[in-house]
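Asks: Let me give you the structure first, and then I'll get to my questions.
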Amino acid sequence: MATFKGMFHVVIPCFNYGEWLPACVDSVLASQDVDVRVTIVDDGSTDEATRWALAKYFSGSEPRVHVLTRENGGVGAAMNTGIGESFPSAPYILTLGADDKIGSRYLAEAERLLDAGADVVYPDRMLFGARIERAASHPVCDLDVLLTGNTVAAPSPFRRSLWANLGGFNEDRAQTYEDWEFWLRCAKAGATFKYLPGAHLFVRTHAGQRSGLTKAGWRDAVTALAALHPDLNPATPPDTEFLADAEEAHTP
């Protein structure tokens, strides 16, 4: 793997999402005005569709894409593997679900804000698939806002130095919101969050996706976060829009 001198490294953890993986990778490679490299972390996938999808990238036909394989260990571990083992010179990181896509200007606009001093850049979410709508993000984000819920989308660009200084993502598989827990640690460390409005992040909604928690599951996630951060009090109202979205995604 040649030395990469660009700014952005996109890490895509993938477990049996091969049917959507090519569209995800293609959306990243279509990014404008930014030099980007992609690491797909195959987290022990077992289905044939994913094996076929990965074969394209294993072949080396797309030199901007690197594939790592590991035993299934969960999303947090997969993201840490991808960030830690590939393109260490890239200062900016985006972790992206294998079923999601990004707009062609997302990374360039995020790079502009990161270059200007932001530590994390978070967008609105454009939901597509089983549910189609724009889910606007809060224009201000700090520790107080994050304690009300996971207000920062998981695929939000951040500085690699944050990940390194804070010890990476939590790898406990019982911790279903490793992104929220990471954002909380970033905020506690004084990180600056900058809002990027517009159609930049496209989140696929479908039955069976990991984010589709029930209200009981969401409360369990909050309880787990509180155990990790006894100095804080993460909580969220039981009737949030997120929970309505999640439960609808599971409706037959």
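The values are calculated or read from the model by the stated rules, or taken from the named source; none is laboratory data. Keep in mind the model is a prediction, meaning the values are calculated, not measured. Glycine also receives a Cβ, built like all others from the backbone with ideal geometry; neighbour counts cover every protein chain displayed. Please note that ligands, DNA and RNA were not included when accessible areas were found on the heavy atoms of the full protein model with its side chains. Shrake-Rupley method; radii C 1.70, N 1.55, O 1.52, S 1.80 Å.
Asks: Go through A110, V120, V65 and say which Cα lies farthest out towards the positive end of the charge dipole of the stretch 63-127; charges sit on Cβ, +1 for Lys and Arg, -1 for Asp and Glu.
Replies: My answer, from the dipole projection, is V65.
Asks: Can you give the extra length, in nm with one decimal, that the chain gains between R134 and Q32 once fully stretched, where that is 0.36 nm per residue apart less the Cα-Cα distance?
Replies: Gain on stretching R134 to Q32: 34.4 nm.
Asks: Moving to a separate point now. Would you please give the residues with an amide H less than 5 Å from that of G129, counting only those at least 5 places away or on a separate chain, with H modeled from the backbone geometry?
Replies: T205
Asks: Then there is this: What whole-number value in Å² describes the accessible area per residue of the stretch 50-182 for a 1.4 Å probe?
Replies: 41 Å²
Asks: Under a Cβ-Cβ cut-off of 14 Å, what is the net charge of the residues other than S27 that fall near it, where Lys and Arg count +1 and Asp and Glu count -1?
Replies: Every neighbour counted, the sum reads 0.
Asks: Here's another thing I want to ask about it. Just checking my list (i) 18; (ii) 32; (iii) 38 against percent of Cα pairs over 31 Å apart computed from this structure; which label fits?
Replies: It is the value labelled (i).
Asks: With N residues in the stretch 1-111, what two-decimal value do you get for its Cα radius of gyration over 2.2 N^0.38 Å?
Replies: 0.97
Asks: What does the charge dipole of the stretch 130-175 about its Cα centre add up to, to the nearest 20 debye, if the Cβ of each Lys and Arg holds +1 and the Cβ of each Asp and Glu holds -1?
Replies: Charge dipole of the stretch 130-175: 220 debye, to the nearest 20.
Asks: Related question: When the Karplus curve 6.51 cos²θ - 1.76 cosθ + 1.60 is applied with θ = phi - 60°, which whole-Hz ³J(HN,Hα) does each residue of the stretch 141-147 get, with x for Gly and Pro?
Replies: Going residue by residue, I get 9, 8, 4, 4, 5, 5, 6 Hz, with x marking Gly and Pro.
Asks: Helix-only mean residue ellipticity at 222 nm, the chain, DSSP H runs n ≥ 4 weighted -39,500 (n - 2.57), per residue, nearest 500. What is it?
Replies: For the chain, the value works out to -9500 deg cm²/dmol.
Asks: As a test question: what accessible area, to the nearest 10 Å², does K188 have when a 1.4 Å probe is rolled over all protein chains in place?
Replies: Here the accessible area works out near 90 Å².
Asks: What does the charge dipole of the chain about its Cα centre add up to, to the nearest 20 debye, if the Cβ of each Lys and Arg holds +1 and the Cβ of each Asp and Glu holds -1?
Replies: Roughly 460 debye for the chain.
Asks: What nm value, rounded to one decimal, do you get for the distance between E171 and N233 when each label is placed 7 Å out toward the C-beta?
Replies: Label-label distance for E171 and N233, simple model: 3.4 nm.
Asks: Under 5 Å between amide H atoms, partner at least 5 residues away or on a different chain: which partners does H66 have, H built in plane at 1.01 Å?
Replies: Excluding prolines and chain starts, which carry no amide H, the hits are V38, T39, I40.
Asks: P(r) tail for the stretch 48-180, what percent of Cα pairs lie past 21 Å?
Replies: Cα-Cα pairs in the stretch 48-180 separated by more than 21 Å: 50 percent.
Asks: With a 1.4 Å probe and every protein chain kept in, tell me what percent of the accessible surface of the chain is carbon plus sulfur.
Replies: Reported share for carbon and sulfur atoms: 53 percent.
Asks: Where is the GNM fluctuation largest for the chain (alpha-carbon springs, 10 angstrom cutoff): H200, H229, H66?
Replies: H229
Asks: Which of the aspartates and glutamates could a cross-linker bridge to K188, judged by Cα under 15 Å and excluding same-chain residues fewer than eight apart?
Replies: Leaving aside aspartates and glutamates fewer than 8 places away in the same chain, those within reach of K188 are D119, D142, D144, D179, D231.
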